[in-house]
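> Dumping the structure here so I can ask a few things about it.
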Amino acid sequence: MAAILCLETATTNCSVALSIDGKVVAAREENNQKYSHSEKLHVFIEEVLIEAQLDKSKLEAIAVSKGPGSYTGLRIGVSAAKGLCFALDLPLISTFTLEVLARQVQDKDCYILPLLDARRMEVYSAVFDSEKKPLRETKAEILNENSFLEYLEQKKTVFLGDGSNKFEAICKHPNALFLKDKFPSAKDMSHLAETKYQNSDFENVAYFEPYYLKEFMLG
């Protein structure tokens with residue numbers, strides 16, 4: 001039985017989940033535009049463990065969403081994850097934030113494009129097939145009306161994340177489907193974290209850093 005504490009703080013959504021054998025047994029999250037992660041994260045961790053009636057000593061790994069995303073959010077989440085790993089002598093697992101977000105799409109035979117806000121008309125983007133397999137590297141790119149045409153021209157393409165609103169305003173393609181109010185959540189990290197745990201795919205706790213993708217901008 002792998003008990004993994006999952007932390008997702010890459011966006012305004014501060015999210016914690018406890019996964020046992022790849023299934024979420026307790027979770028807490030709050031989406032606050034003021035980035036209250038530093039106040040809420042450790043409270044949520046304690047509440048999740050209490051709800052699951054699991055002592056910290058019984059955890060077997062800590063999983064954290066590595067980015068891209070908010071510099072502030074990522075820094076808080078990774079710092080908390082590393083602190084727990086050092087204190088409890090646990091392995092650290094990282095997951096890509098955009099892959100976590102993509103797991104919220106259940107549509108078949110489509111492309112999945114999670115988009116996270118990167119200021120102005122720029123977004124962090126990735127492309128997945130309906131089986132959540134990556135089709136392209138993660139990018140920071142500036143949107144225009146012709147963005148992602150190579151996918152839109154082929155079949156239905158699902159956009160989600162807090163950057164998708166920007167593209168919806170300029171995209172008129174009939175194959176574009178936009179899911180509203182979707183943010184990365186620790187509840188969607190469980191399968192990814194469990195797979196990495198079973199494969200002993202761990203990070204070096206001392207040297208691990210978030211995947212910022214672009215230079216620091218506060219927010």
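The values are calculated or read from the model by the stated rules, or taken from the named source; none is laboratory data. Remember, it's a predicted structure, so these values are computed and weren't measured experimentally. Reconstructed Cβ throughout: ideal geometry from the backbone, glycine too, with neighbour counts over all protein chains shown.
> Criterion first (of a type in the set (S, T, N, Q) and either exposed (fewer than 13 other Cβ atoms within 10 Å of the Cβ) or assigned by TED's automatic domain parsing to the domain that holds Leu92 (or both)) does Asn144 satisfy it?
Here the answer is yes, as Asn144 does meet what is asked.
> Quick one: Lys139 ticks every box in (1) under 25 Å from Asn13 (Cβ atoms); (2) at pLDDT 95 or above bar one, so which box is it?
(2) is the only condition that Lys139 fails.
> I want to confirm something. Restricting to the range 56-70 and keeping residues that are surrounded by 18 or more Cβ atoms within 10 Å (Cβ to Cβ) and of a type in the set (S, T, N, Q), which single residue is farthest from the chain's Cα centre (by Cα)?
Ranking the qualifying residues of the range 56-70, first place goes to Ser70.
> A further question follows. Quick check on my filter: what residues within the range 118-141 are of a type in the set (A, V, I, L, M), surrounded by 15 or more Cβ atoms within 10 Å (Cβ to Cβ) and part of a strand (DSSP E or B)?
Answer for the range 118-141, where residues must be of a type in the set (A, V, I, L, M), surrounded by 15 or more Cβ atoms within 10 Å (Cβ to Cβ) and part of a strand (DSSP E or B): Val123, Ala126, Val127, Ala140.
> So, one more: Based on this model, can you work out whether Tyr211 counts as hydroxyl-bearing (Ser, Thr, Tyr) and outside the structural domain of Pro114 (by TED's automatic domain parsing)?
Yes; evaluated as a whole, the condition is true for this residue.
> Let me ask something else about it. Would you point out the residue of the range 148-204, among those that are in contact (Cβ under 8 Å) with a residue 40 or more places away in the chain and among the aromatic types (Phe, Trp, Tyr), that is surrounded by the most Cβ atoms within 10 Å (Cβ to Cβ)?
Looking at the filtered set, the residue picked out is Phe159.
> Which residue, of Asn199, Asn146, is out of contact with any strand residue (DSSP E or B) (no Cβ under 8 Å at 6 or more places or on another chain), within 22 Å of Lys82 (Cβ to Cβ) and not aliphatic (A, V, I, L, M)?
Asn199
> Would you pick out the residues in the range 6-43 that are buried (at least 22 other Cβ atoms within 10 Å of the Cβ) and over 17 Å from Arg75 (Cα atoms)?
Across the range 6-43, the qualifying residues are Ala17, Leu18, Ser19.
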